[in-house]
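A.B. asks: This is the structure, below, for whatever I ask next.
The values are calculated or read from the model by the stated rules, or taken from the named source; none is laboratory data. Please read all numbers here as calculations on a predicted model, not as lab measurements. Positions of Cβ are generated from backbone atoms using ideal geometry, with glycine treated the same way; all protein chains shown enter the neighbour counts.
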C-alpha cells in the first residue's frame with residue numbers, strides 16, 4: 001500500500017467501514033491491517049520515538065474501535081482516524097515537555113536530545129519543523145490527505161492548513177538543500 005491515499009483507497013476503506021458497521025468482523029480486521037502501518041508511520045514522524053509512536057497508535061486504536069460503528073459518514077474515516085491520532089500524539093508531546101521540565105528542574109542541566117547516527121536526511125528535516133508544520137507536512141506528504149482534511153484533522157481554518165503545508169514544504173526544501181550542500 002503506497003503512502004499516498006488514493007481515491008481507490010478511500011472507496012475501499014469506505015466499503016470496509018460500511019461492512020464493519022453491518023457486523024462484518026473480517027472487515028474490521030482488514031481495515032485495521034490497512035491502517036495500522038499508516039498510523040504508525042505518522043505517529044513516528046510526529047513523535048520521533050518508536051515506543052511512543054506505538055503507544056500513541058494503540059491509544060488511537062482504542063478510540064477508533066469505540067467510535068467506528070457509529071460513524072455517520074464512512075467517507076470521512078481517514079480524517080477522523082488521523083484526528084484521533086493527532087490528539088494522542090499531541091498528548092504525548094505535552095507529557096514529554098512536562099517530563100523534560102521536571103527533569104531540568106531536578107538536575108539543573110539542559111536536556112540534550114540524542115541524535116540517532118543513521119537518521120535519514122528527510123527525517124532530520126522533518127524533525128526541525130515546528131509541531132504544526134510537521135503535522136501538516138506529515139498528513140499531506142505521508143498520509144496523502146487533502147488540505148481540507150488536514151484542516152479538519154487539526155481543527156484549524158482551511159487557510160491556516162494551506163499556509164502550514166506551504167511553509168513546511170519551503171522549509172523542507174531549504175533544509176534538504178543545505179544537507180545536500182554539506183554532503184558535497
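A.B. asks: Name the helices (runs of 4 or more DSSP H) wholly within segment 40-144 that hold at least 2 residues that are closer than 25 Å to residue 11 by Cα, modelled with pLDDT of 80 or more and under 19 Å from the mean Cα position of the chain (by Cα)? Reasoning before the result, please.
C.D. replies: Details: elements: 50-67, 77-107, 121-128, 131-137.
In segment 40-144, 50-67, 77-107, 131-137 are the helices (runs of 4 or more DSSP H) which contain 2 or more residues that are closer than 25 Å to residue 11 by Cα, modelled with pLDDT of 80 or more and under 19 Å from the mean Cα position of the chain (by Cα).
A.B. asks: I would also like to ask the following. What is the number of the single condition among (1) surrounded by fewer than 17 Cβ atoms within 10 Å (Cβ to Cβ); (2) in contact (Cβ under 8 Å) with a residue 12 or more places away in the chain that residue 51 does not meet?
C.D. replies: (2)
Residues are listed down the side, and each one gets a yes or a no for (1) exposed (fewer than 12 other Cβ atoms within 10 Å of the Cβ); (2) in contact (Cβ under 8 Å) with a residue 60 or more places away in the chain:
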{"site": "8", "(1), (2)": "yes, no"}
{"site": "13", "(1), (2)": "no, yes"}
{"site": "18", "(1), (2)": "no, no"}
{"site": "23", "(1), (2)": "yes, no"}
{"site": "34", "(1), (2)": "no, no"}
{"site": "38", "(1), (2)": "no, yes"}
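A.B. asks: Counting just the residues of segment 151-184 that are in contact (Cβ under 8 Å) with a residue 60 or more places away in the chain and surrounded by 14 or more Cβ atoms within 10 Å (Cβ to Cβ), which one comes out farthest from residue 73 (Cα to Cα)?
C.D. replies: Among those residues, the one meeting the criterion is 154.
A.B. asks: Pairs needed: first member in segment 122-146, on the phi > 0 side of the Ramachandran plot and not assigned by TED's automatic domain parsing to the domain that holds residue 5; second member anywhere, at pLDDT below 85 and surrounded by fewer than 22 Cβ atoms within 10 Å (Cβ to Cβ); C-beta distance under 6 Å; at least 6 residues apart or different chains.
C.D. replies: Close Cβ pairs (under 6 Å, with a partner that is at pLDDT below 85 and surrounded by fewer than 22 Cβ atoms within 10 Å (Cβ to Cβ)) amount to 144/4; 144/5.
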